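Read the structure below first, then the notes.
The values are calculated or read from the model by the stated rules, or taken from the named source; none is laboratory data. Quantities reported herein were computed from a predicted structural model and do not represent experimental measurements. All Cβ positions, even for glycine, are placed from backbone atoms using ideal geometry, and neighbour counts span all protein chains on display. The protein model used for the area step is the full one, side chains on, heavy atoms only, and it has no ligands, DNA or RNA in it. Shrake-Rupley method; radii C 1.70, N 1.55, O 1.52, S 1.80 Å.
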Amino acid sequence: MPGQEEQPNDPPPAGSSTLISEEEPTTKKHAILNDMPLEWTRLNDGSNIRPVRYPSDVMEYSNDPEETYLEIVGTAGLKITNMGNDLYRTCSPNLTHLIFRSHLIAKMEGIRSFKDLQMLELYDNQVEDLYELGDDESEEQNAGQTMKTLDMSYNVIRDMEPVRFCPNLVDLYLANNKIKVISGLQHLTSLRKVDLGANRIRKMDHEQFANLINLEELWLGKNKIEIIEGVSNLKKLRRLDVQSNRLTSVDNLAGLEDTLEELYLAHNGIDNEGAMKASGLMLEFKELTTLDLSKNRLTSCKPFAHMITLNELWVSSNAIEAYEDVEPISVLGTREGACLTEVYMEHNPIYNDFEYRKKLKEIIPSLLQIDANIIGGTGYGSVMPKSPEEIMEQMKRLQEKAVQRAKEEQEGGGEGNE
């Protein structure tokens, strides 16, 4: 009844199946647990003030001017939240390598006072921008002036334009950010490797790549690119990765015929027609050894019949149904000097054939590996380069030699002591 005080010890109503012992309390006692260290899981919910921790709070390190290397990895223990504008005061001002990996840093700061910084890695943080690298109005040397390696992968950067203040940059890693437009690269002629994978890029801008005459590796996987373009001036490019994008054809590779060694195009929508464009895979590549077109829409190996330099061909998870569709590349395994040794065709319709490996070996005699299996001369099953007995015998011989050598050294040492 409202307004009536509760009687905690009143007997249960008639007919109730609940039995309460006279010695048992009516309210349950709960164990009291100590607070768990979950502060990092609540940083963005507004319930807690963000803890502030500088590098010197997380690890002790020397400020000896002779020191040139500082690395603090935050995969365990306390994490840095602020680099601090006076970072150079707490460590050697002559640092050449600065690595703060896997922390909670939201702002790049405090690096402008390092006059010879060659490598900066803030991989796996929460950095939002690159403005600390430099600006046009500064009278002092920009922080990026001496930098050769910049790794800002796994952050939340949206604008990469400030990388233009790193004129001597050789390796640039900006994978897993929120970049939509490629920018700031046009004058970085020393670049050899650029990784922009797992962003939101839709266009390969010719202007950005035009002057990258020394670029050897370009990684653009996991973006939203619909057409390959802008790479014709990359005369030293050896590796190109455009997998997991929105390609339906392979175009505009002219200019790469003499240098391209590895081409990764898996997880797209490329069909036979798209793979046979005159400016794409139909070009005569002189150095191409690895081609990956897994998880596309191919029904035949015809687009690869002329690629006599291939060592590895990846066409898993396509729609190749018959061995007649594999026959076009038989020449790659039967010609004099054949070098095609590895083929990946699992998860195609022909993969379900009981004699799948045997028949592939007959079509391409040069094969040494089919899918993940090293094959024998007939193509049946998987074999090891050596039998278990041979391996055990070899290990036994090595062990005997080691024992004999130890005895000789011991005897030699004993004679010397006499």
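Observations on the structure shown:
- Test: N272 is farther than 16 Å from G230 by Cα and either within 26 Å of the chain's Cα centre (by Cα) or buried (at least 21 other Cβ atoms within 10 Å of the Cβ) (or both): no
- Selection within the range 65-85 - within 19 Å of M119 (Cβ to Cβ) and loosely packed, with under 14 Cβ neighbours inside 10 Å: P65, E66, Y69, E71
- Considering T299, T248, T290, the condition of being over 20 Å from K224 (Cβ atoms), in contact with a strand residue (DSSP E or B) (Cβ under 9 Å, 6 or more places away or on another chain) and open to solvent by 40 Å² or more (accessible area, probe 1.4 Å) is satisfied by T299 alone.
- In this entry, D159 is excluded by the filter for residues that are over 23 Å from R101 (Cβ atoms) and surrounded by fewer than 21 Cβ atoms within 10 Å (Cβ to Cβ).
- Set side by side, the residues S300, S294, S279 differ, and just one is over 23 Å from T341 (Cα atoms) and at pLDDT 95 or above, which is S279.
- Restricting attention to the range 229-272, the residues that are in contact (Cβ under 8 Å) with a residue 40 or more places away in the chain and hydrophobic (A, V, I, L, M, F, W, C) total 1.
- Residues located in the range 42-58, provided they are at pLDDT 90 or above and open to solvent by 70 Å² or more (accessible area, probe 1.4 Å): V52, Y54, D57
- Residue within the range 218-240 that is of a type in the set (D, E), outside any loop (DSSP other than H, G, I, E, B) and open to solvent by 10 Å² or more (accessible area, probe 1.4 Å) present: no
- Scope the range 313-340; condition touching a Leu at 6+ places or on another chain (Cβ under 6 Å) and within 23 Å of H267 (Cα to Cα); matching residues: L313, V315, N318, L340
- Residue match in the range 127-136 (condition: among the acidic types (D, E), over 24 Å from L240 (Cβ atoms) and buried (at least 20 other Cβ atoms within 10 Å of the Cβ)): yes
- Complete set of residues in the range 80-124 that are within 23 Å of the chain's Cα centre (by Cα) and in a loop (DSSP other than H, G, I, E, B): S102, H103, L104, I105, A106, M108, Q118, L122, Y123, D124
- Yes/no for T75 being among the hydroxyl-bearing types (S, T, Y) and within 18 Å of N155 (Cβ to Cβ): yes
- Verdict on D371 being surrounded by fewer than 21 Cβ atoms within 10 Å (Cβ to Cβ), on the phi > 0 side of the Ramachandran plot and touching a residue at least 40 places away in the same chain (Cβ under 8 Å): yes
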